[in-house]
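S.K.: Please see the structure below; I have some questions.
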Amino acid sequence: MWEAFTKSEILERWLAPKPMEAHTVTSDFREGGHWHCYMVGPDGVKMYSRFDYETIDPENSYTGQDSFCDEAGKKDDSMPSVHWDTRFIEDGDTTKLMIIMTFSSVEDIEKTIASGFQESFEMGFGNLDEILAAK
């Protein structure tokens, strides 16, 4: 599970809801580093985002800020950003995943939901389920 969330080549395989695809622009998984990526659909339109890593506790957790951005990685202030606290909890032979997402305001949550984030997020996790089932 840790690698599915921290290695860009694996993230690319599941993050985007089908039929979209995720692609890495740059990846620097370390405290102070970031992952700059985009999702592209069949129409060729690209949506860029970046995740700025704050803390990393290998195999256990990481935190950071997720934001929409432009092709160069400059944050898009017209869209809300969200703070992620992602935790991997070993439970016997399984791993529990806990993601705590913190927004700056209720309006930011509402705008994010209206953008289709929840559906996209759920579809991405469906892709991850397929990858993990194939192992």
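The values are calculated or read from the model by the stated rules, or taken from the named source; none is laboratory data. This structure is a prediction, so every number in the text was calculated from the model and none was measured. Virtual Cβ from ideal backbone geometry, glycine too; neighbours counted across all protein chains shown. Heavy atoms of the whole protein, side chains included, go into the accessibility calculation; ligands, DNA and RNA do not. Shrake-Rupley method; radii C 1.70, N 1.55, O 1.52, S 1.80 Å.
S.K.: Mind checking the per residue accessible area of the chain for me, 1.4 Å probe, whole number of Å²?
M.R.: Using a 1.4 Å probe on heavy atoms only, each residue of the chain averages 59 Å².
S.K.: I want the local charge near T95. Using Cβ-Cβ distances under 12 Å, sum +1 for each Lys or Arg and -1 for each Asp or Glu among the other residues.
M.R.: Charge balance in the 12 Å sphere: -3.
S.K.: Rounded to the nearest 500, what is the 222 nm mean residue ellipticity of the chain from helices alone, with -39500 (n - 2.57) per DSSP H run of 4+ residues and division by all residues?
M.R.: -8000 deg cm²/dmol
S.K.: A further question on this structure: Calculate the radius of gyration of the Cα atoms of the chain to one decimal place, then report Dmax, the largest Cα-Cα distance, as a whole number, both in Å.
M.R.: Calculated on Cα positions, Rg and Dmax stand at 14.6, 44 Å.
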